[in-house]
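Just below is one structure, and these are the notes that go with it.
Since every read-out is calculated from the coordinates, none of them should be taken as a lab result. It should be emphasised that the depicted structure is a prediction, and the values quoted were computed from it without experimental measurement. Cβ sites come from the backbone with ideal geometry, for glycine too, and all protein chains shown count toward neighbours.
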Amino acid sequence: MPWCHSEPTIAELLSDPIVRALMAADRVAPEELRANLAKIAGTLEPQHREVRQRGCSQATSPA
């Protein structure tokens, strides 16, 4: 998985042979994981939008 100076995308991680082997050993379905991550991202997006509007210095930690 080649990447430099940035983090890999979810697609890159899920296409990596080592990650796929580990997921298979743990019986994790790639499409199910991708769907769950998308669902979580959808719930987090409104929070991030609010932080961007206020500015990071005013961000609060989730309780």
- Message: Under the 0.36 nm per residue contour assumption, what length would be gained going from the current alpha-carbon distance of VAL28 and ILE40 to full extension?
- Response: 2.6 nm
- For the stretch 7-24, in residue order, the Karplus 3J(HN,Hα) values (coefficients 6.51, -1.76, 1.60; θ = phi - 60°; whole Hz; Gly and Pro = x) are 7, x, 7, 4, 4, 5, 4, 6, 9, 5, x, 5, 4, 4, 5, 5, 5, 5
- Counting Lys and Arg as +1 and Asp and Glu as -1, what is the net charge of the other residues whose Cβ lies under 12 Å from the Cβ of THR9? -2
